[in-house]
Amino acid sequence: MQKANWQERFADKVVTAERAAAVVSTGHRVFVGSGAGEPQTLVEALSAKEGLNDTEIIHLLTLGVATYTEPRLGNRFRHNAYFIGPNVRQAVNEGRADYTPIFLSEIPRLFRSGRVVINVAMIEVSPPDDHGYCSFGVSTDIVKAAAESAHIVVAEVNEQMPRALGDCFIHARDIHFMVPSNRPILEAVQGEPDELARKIARHIANLVVDGATLQLGIGTIPDAVLHYLNDFKNLGVHTEMFSDGIIPLVERGIIDNSRKTLHRGKIISSFVIGSRKLYDFIDNNPLVEFHPTEYVNDPFIIAQNDKMISINSAIEVDLTGQVCSDSLGTMFYSGIGGQVDFVRGTARSKGGRPIIALPSTADNGTISRIVPTLKPGAGVVTSRGDVHYVVTEYGSAYLHGKSVRERAMALINVAHPRFRPWLMAEAKNRKVVYVDQIEMSIRPSVYPEELERWLELKDTSRVFLRPLKLTDEPLIRDLFYQLSPESIQYRFFQMLKALPHKKLQEFLRVDYEADMALVVLTNSTDEDARLIAIAHYLKDPRSNFAEAAFLVRDDWQGKGVGTQLMKGLVEAAQRQRIAGFTADVLANNKSMLRVFHQHGLPVESRLEGNVYSLKIPFAQRDVG
């Protein structure tokens, strides 16, 4: 039996859109299908229906025109948004529509429990197959629960709806009225990401690892992240939604889902929004499975994916780590959606990394999105206890398990440089950070990101080299208290028993030009990195030579860390056109003397007492 004959097979259910809309009565609650799966023909017929009053419309974000929220319809309809889209935002904030804040994973329970009774579900599906099953196509999300809970199900059966696979079908016998349709599925095509989105995406990509499973939403930042995943292998996808950006990665074999620990070999999602190319990609494609949000967004399900990486956006983040994502002060803007579901599920994943991503500023750079306190009326979507990574175009801040002081310092470090002095002053005023905390006035381009790199040591272990950051104070403190008395004597030329905050700050007064420090870490991410070495130079403006000093943790000595640090410090100094290094080294510090002498540069040495005074001129060259 051919699919094309479905109207004959189910002739008793086939009606016009006007006839289907007639089942809606005053006081009914009507569910409308989500996203690109909005049943446009049915919505048009419902909006045109006369004689209705106090009819409630509920749905997630929809792409079509929400005519039922227009003032001209008076008291005919009242909309209740579980997520606020652009087509209903004005109505919500003018009081003509409602907003229900709720986790996406929990909406289906409202329907199934009967706490929210659905009188009529208006949905859009693919034509029934030979067995009578219609696919929810581009949107399963909460549509499946709504259709299975509604008293009456009205389906717009669209010939252009792709037949998605998974737990995403409804049988024709469970549909009361079927309205034939053959109109294009709603599209939302993403443009090319701008440079700001690319900068944020680069920092996010640094947190991704081979074999990771990704949650990627719609928007310029998630789409930009996909541009930086070309060098990864065996990535997987478990996400509430995805767009066109994953298709090239699937075609190149980068996303193959081969190392997923749940649904291996499958992309798991609940809806898609994108172009016709995307809809054709999911059509009858066994690679992709659609499941309802009570499954896809269940934190306990998400946590079963090892190395889960979730990427969600925010409107603003305060210095303690509270995340506002659904409102601009008192103005409701979007919704809770699946952010908390994925933040909590990812946090419980083995090797998981929940990421909140946002530009550092808004309104053409006039407003900081890292703020001392959230705006009055702003809603906390993700609590300070749930947040792990916050990423802007200036880097990533790791907050989980950190004190309020450490959080504030980390967030100030990724705020726009123009707003850092203000943020620091506010933090000091509230006693959130040390009142004598030093500040770095950094131009956006100064942090020498080009010096960041992975190093391979003599024993083949890999460590990460980067410039020192103002937030490294706790790491330096931990390093100091793991040093032997001999290492302390070699570095400080005296025996220090403590390194308090006031003394620690001397290490942090770098400007990346005349005053520079490089650190070596066990990892490139702040969440589990330990500092194992630090090298510093300070330029004498009279001679244009810089005094250099090195410190390597005892258990990492003899592995080539000092040699690698010397290479990095020389490179950094030559970029600033410094003429060379000077150094004072105790005569019995043989390992440090070898680092200076074996680098390949000429060394002028003079012994006074038990201290060698070294002078190492550079052969200046163009370092880019």
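The values are calculated or read from the model by the stated rules, or taken from the named source; none is laboratory data. Predicted model, so just to flag it, every value in this text is computed and none were measured. Virtual Cβ from ideal backbone geometry, glycine too; neighbours counted across all protein chains shown.
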Could we say that Asp478 is over 25 Å from Leu399 (Cβ atoms), assigned to a helix (DSSP H, G or I) and at pLDDT 90 or above here? no
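Conditions (1) assigned by TED's automatic domain parsing to the domain that holds Ile102; (2) surrounded by fewer than 21 Cβ atoms within 10 Å (Cβ to Cβ); (3) out of contact with any Lys or Arg (no Cβ under 6 Å at 6 or more places or on another chain), marked per residue:
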site	(1), (2), (3)
Glu316	no, no, no
Ser325	no, no, yes
Ser334	no, no, yes
Gln339	no, no, yes
Ala347	no, yes, yes
Ile355	no, no, yes
Leu358	no, no, no
Asn364	no, yes, yes
Across segment 18-45, the tally of residues that are in contact with a strand residue (DSSP E or B) (Cβ under 7 Å, 6 or more places away or on another chain), farther than 14 Å from Ile175 by Cα, assigned to a helix (DSSP H, G or I) and among the hydrophobic types (A, V, I, L, M, F, W, C) stands at 2
Which members of segment 248-265 meet the condition of being of a type in the set (D, E, K, R) and outside any loop (DSSP other than H, G, I, E, B)? Glu251
Hey, any hits in segment 162-171 for a residue that's more than 17 Å from Phe281 (Cβ to Cβ), outside the structural domain of Val343 (by TED's automatic domain parsing), over 20 Å from the mean Cα position of the chain (by Cα) and surrounded by fewer than 16 Cβ atoms within 10 Å (Cβ to Cβ)? yes
Which residue is surrounded by the fewest Cβ atoms within 10 Å (Cβ to Cβ), if the candidates are limited to segment 33-86 and must be among the aliphatic types (A, V, I, L, M) and out of contact with any Phe, Trp or Tyr (no Cβ under 9 Å at 6 or more places or on another chain)? Ala48
Using the structure shown, decide if Asn312 is part of a strand (DSSP E or B) and assigned by TED's automatic domain parsing to the domain that holds Ser243. yes
State yes or no: is Ser524 under 30 Å from Arg462 (Cβ atoms) and part of a loop (DSSP other than H, G, I, E, B)? yes
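Condition check ((1) more than 20 Å from the chain's Cα centre (by Cα); (2) of a type outside the set (Asp, Glu); (3) in a loop (DSSP other than H, G, I, E, B); (4) not assigned by TED's automatic domain parsing to the domain that holds Ala36) across all residues:
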| position | (1), (2), (3), (4) |
| --- | --- |
| Leu207 | no, yes, yes, yes |
| Pro222 | no, yes, no, yes |
| Asn230 | no, yes, yes, yes |
| Asn284 | yes, yes, yes, yes |
When only residues in segment 226-251 that are more than 20 Å from Asn206 (Cβ to Cβ) and among the charged types (D, E, K, R) count, which is surrounded by the fewest Cβ atoms within 10 Å (Cβ to Cβ)? Glu251
Selection within segment 211-233 - over 20 Å from Gly274 (Cβ atoms) and acidic (Asp, Glu): Asp231
Right, Gln489: surrounded by 14 or more Cβ atoms within 10 Å (Cβ to Cβ), in contact with a strand residue (DSSP E or B) (Cβ under 9 Å, 6 or more places away or on another chain) and modelled with pLDDT under 90 or not? yes
Residues located in segment 527-557, provided they are within 25 Å of Phe618 (Cα to Cα) and in a loop (DSSP other than H, G, I, E, B): Pro541, Arg542, Ser543, Asn544
Options Ile268, Ile200, Ile218, Ile301; residue that is out of contact with any His (no Cβ under 9 Å at 6 or more places or on another chain), closer than 27 Å to Thr525 by Cβ and not in a loop (DSSP other than H, G, I, E, B): Ile200
The lone condition Arg418 fails out of (1) free of Cβ contacts under 8 Å to residues at least 60 places away in the same chain; (2) loosely packed, with under 15 Cβ neighbours inside 10 Å; (3) assigned to a loop (DSSP other than H, G, I, E, B) is (3)
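Yes or no, residue by residue, for (1) crowded, with 20+ Cβ neighbours inside 10 Å; (2) at pLDDT 95 or above; (3) over 46 Å from the mean Cα position of the chain (by Cα); (4) within 28 Å of Arg477 (Cβ to Cβ):
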site	(1), (2), (3), (4)
Gly558	no, no, no, yes
Met566	yes, yes, no, yes
Glu571	no, yes, no, yes
Ala587	no, no, yes, no
Ser591	no, no, no, yes
Leu607	no, no, yes, no
Pro617	no, yes, no, no
How about segment 391-414: which of its residues are more than 20 Å from Ser524 (Cα to Cα) and surrounded by fewer than 24 Cβ atoms within 10 Å (Cβ to Cβ)? Ser403, Val404, Arg405
Within the set of pairs 6+ apart or on separate chains, which have a first residue in segment 341-366 that is among the acidic types (Asp, Glu), a second that is part of a loop (DSSP other than H, G, I, E, B) and modelled with pLDDT of 95 or more, and C-beta atoms under 7 Å apart? Asp341/Phe103; Asp341/Asn297
Here is a list of conditions, (1) in a helix (DSSP H, G or I); (2) closer than 23 Å to Arg594 by Cα; (3) of a type in the set (Phe, Trp, Tyr), and Phe507 meets all of them except one; can you say which number that is? (2)
Here the qualifying pairs (Cβ atoms under 9 Å; residues six or more apart or on different chains; first in segment 545-569 and without any contact (Cβ under 8 Å) to a residue 60 or more places away in the chain and in the same structural domain as Asp459 (by TED's automatic domain parsing); second acidic (Asp, Glu) and part of a strand (DSSP E or B)) come out as Ala546/Asp515; Ala546/Asp540; Glu547/Asp540; Glu547/Asp584; Ala549/Asp584
Filtering segment 134-172 down to residues that are within 21 Å of Arg9 (Cα to Cα), touching a Ser or Thr at 6+ places or on another chain (Cβ under 9 Å) and in a strand (DSSP E or B) yields Cys134, Ser135, Glu156, Val157, Asn158, Phe169, Ile170
